[in-house]
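The values are calculated or read from the model by the stated rules, or taken from the named source; none is laboratory data. In this text, all values refer to a predicted model and were calculated from it rather than measured experimentally. All Cβ positions, even for glycine, are placed from backbone atoms using ideal geometry, and neighbour counts span all protein chains on display.
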Amino acid sequence: MHSMLRPRWLIGAALAAGAALAAYAARRAWGRAHARPIDAVTRLPCSSERDVRSRESTVELSLVFVNDTSTRISIYWIDFAGARVFYNSLDPGASYTQRTYVTHPWIAVDPAGHCLALILPMAAGTHRVVVEGDAYPRDN
């Protein structure tokens with residue numbers, strides 16, 4: 001009789017181990033599916049403009065700039081030396097798509113040249129950048 005219990009015990013242990021492994025795999029899959037994604041576009045403080053510059057040109061992406069202010073804005077790329085390079089102006093309510101690269105910073109400024117948004121793309125894809133009046137603190 002003792003020898004008959006052993007196979008049941010082994011079967012029970014195997015089933016318990018299999019259930020535990022399945023539960024672990026399910027938790028890992030749920031965690032991957034519900035993980036918080038890394039922001040595709042990072043908004044930087046305007047005061048950090050003097051510290052940013054373009055790095056490499058390997059991973060392409062598109063930024064869709066949207067002017068949600070009441071005035072015309074200008075869009076500049078921050079080049080490899082950290083200097084502004086003019087690319088486009090947008091009237092209120094207008095938008096345009098700009099091809100660029102991960103690690104290339106962009107700045108949107110008001111007519112006086114004051115920073116409204118300083119952004120740094122961090123992932124490939126197409127990303128919307130809404131520029132809103134004084135919604136981002138001016139600390140420059």
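For Phe65, indicate whether it is in a strand (DSSP E or B), at negative phi and modelled with pLDDT of 95 or more.
yes
If the requirement is being within 20 Å of Ser48 (Cα to Cα) and outside any loop (DSSP other than H, G, I, E, B), which of these qualifies: Ala112, Ala108, Ala81?
Result: Ala108 is the single residue among Ala112, Ala108, Ala81 that is within 20 Å of Ser48 (Cα to Cα) and outside any loop (DSSP other than H, G, I, E, B).
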With the checklist (1) among the β-branched types (Val, Ile, Thr); (2) surrounded by fewer than 16 Cβ atoms within 10 Å (Cβ to Cβ); (3) touching a strand residue (DSSP E or B) at 6+ places or on another chain (Cβ under 8 Å) in hand, flag the one item Thr71 doesn't pass. (3)
Identify the single condition in (1) assigned to a loop (DSSP other than H, G, I, E, B); (2) modelled with pLDDT of 95 or more that Arg138 does not satisfy, given that it satisfies every other one. (2)
Of everything in the stretch 72-92, what is touching an Asp or Glu at 6+ places or on another chain (Cβ under 9 Å) and without any contact (Cβ under 8 Å) to a residue 12 or more places away in the chain? Give them in sequence order. Val85
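Can Ala117 be described as surrounded by fewer than 17 Cβ atoms within 10 Å (Cβ to Cβ) and among the aliphatic types (A, V, I, L, M)? Spell out how you get there, then give the answer.
Details: surrounded by fewer than 17 Cβ atoms within 10 Å (Cβ to Cβ): no; among the aliphatic types (A, V, I, L, M): yes.
Criteria not met by Ala117.
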Residue satisfying all of: in the stretch 120-134; surrounded by 14 or more Cβ atoms within 10 Å (Cβ to Cβ) and either assigned to a strand (DSSP E or B) or without any contact (Cβ under 8 Å) to a residue 40 or more places away in the chain (or both); nearest to the chain's Cα centre (by Cα) among these: Pro121
